[in-house]
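Participant: First the structure, then my questions, so here it is.
The values are calculated or read from the model by the stated rules, or taken from the named source; none is laboratory data. Because the structure is predicted, anything quoted here is derived from the model rather than measured. Positions of Cβ are generated from backbone atoms using ideal geometry, with glycine treated the same way; all protein chains shown enter the neighbour counts. Ligands, DNA and RNA are stripped out before the accessible areas are found, and what is left, the full protein with its side chains, is counted by its heavy atoms. Shrake-Rupley method; radii C 1.70, N 1.55, O 1.52, S 1.80 Å.
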Amino acid sequence: MYPFYLFWVHIQIVILQVNNMVAKTIIAQYVKEMRKKYKLTQVDLSEKAGVGLRFVRELEQGTKGSPSD
C-alpha cells in the first residue's frame, strides 16, 4: 500500500508551489481519485494525514490552498 505520509508530503509541496484555480482543480481531482482508489473515506484520509475533515473536504472541492488558509 502507498505510504500515506509520502502522499501527504507530496500534496503539501504541490499546494505550496501552485496558487491558481486550474492547479487546485487538478490537485482536488487527484486527491479524491487517490482516496477512492485506496477505498478511504474523507474521515479516514483526514485521520491518516493528521488534518481536519474540513480541510480534506475543502481540498477535494479545490477551495483550500494549505492547512494555514
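Participant: Between a first residue in region 48-69 that is assigned to a loop (DSSP other than H, G, I, E, B) and modelled with pLDDT of 90 or more and a second residue that is open to solvent by less than 20 Å² (accessible area, probe 1.4 Å) and hydrophobic (A, V, I, L, M, F, W, C), which pairs have beta carbons less than 9 Å apart while being 6 or more apart in sequence or on different chains?
Facilitator: Matching pairs, first to second residue: Val51/Leu45; Val51/Leu59.
Participant: Please work out if Ile15 is surrounded by 12 or more Cβ atoms within 10 Å (Cβ to Cβ) and modelled with pLDDT of 75 or more. Break it down into steps so the answer makes sense when it comes.
Facilitator: Details: surrounded by 12 or more Cβ atoms within 10 Å (Cβ to Cβ): yes; modelled with pLDDT of 75 or more: no.
In short, no.
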